Amino acid sequence: MTKAQTAQAISETITLDTPIARGDTTIDEIIVRKPTSGELRGVALSDVLQLQVDALVKITPRLSSPALTEPEMRNLDPADLVQIGGVIAGFLLTKRAKGETA
């Protein structure tokens with residue numbers, strides 16, 4: 001994973017352990033961007049922070065590029081799901097919680 005070249009990461013690139021086959025295309029890397037509050041609708045923040053599968057399956061398609069589909073999310077390698085969830089959960093933490101200064 002590499003952080004975007006900004007003071008506060010607004011996206012991270014994730015290299016998948018198990019690439020996703022989509023037609024003739026293979027997706028081996030996705031970019032996950034920091035969500036807005038509206039993009040978190042329909043999920044409990046506590047579920048996202050606890051890496052609940054249903055919450056991650058619901059919001060990751062809204063935040064990923066290329067946009068993963070819910071069926072693709074349900075077929076992800078568990079290691080990739082945890083990696084994606086960790087990035088998204090990290091976006092939800094305050095600077096103070098991450099030990100950063102303003």
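The values are calculated or read from the model by the stated rules, or taken from the named source; none is laboratory data. All values reported here derive from a predicted model rather than from experimental measurement. Every residue, glycine among them, receives a Cβ derived from its backbone with ideal geometry; neighbour counts consider all protein chains shown. Quick note on the areas: whole protein, heavy atoms, side chains included, nothing else; ligands and nucleic acids left out. Shrake-Rupley method; radii C 1.70, N 1.55, O 1.52, S 1.80 Å.
In degrees from 0 to 90, rounded to the nearest 10, what is the angle of the helix 78-92 Cα long axis to the longest principal axis of the chain?
30 degrees
Kindly report the accessible area of the chain per residue (heavy atoms of protein chains, probe 1.4 Å, no ligands, DNA or RNA), in Å².
With all protein chains present, the chain gives 60 Å² per residue.
Under a Cβ-Cβ cut-off of 13 Å, what is the net charge of the residues other than Leu76 that fall near it, where Lys and Arg count +1 and Asp and Glu count -1?
Charge balance in the 13 Å sphere: -4.
Helix 53-63 sits at what angle to the longest principal axis of the chain, using alpha carbons and giving 0 to 90 degrees rounded to 10?
Around 90 degrees separate the two axes.
Taking a cut-off of 19 Å, what percent of all Cα-Cα pairs in the chain are separated by more than that?
Everything past 19 Å amounts to 39 percent.
Below 15 angstrom from the Cβ of Pro35, what's the summed charge of the other residues (Lys, Arg +1; Asp, Glu -1)?
+2
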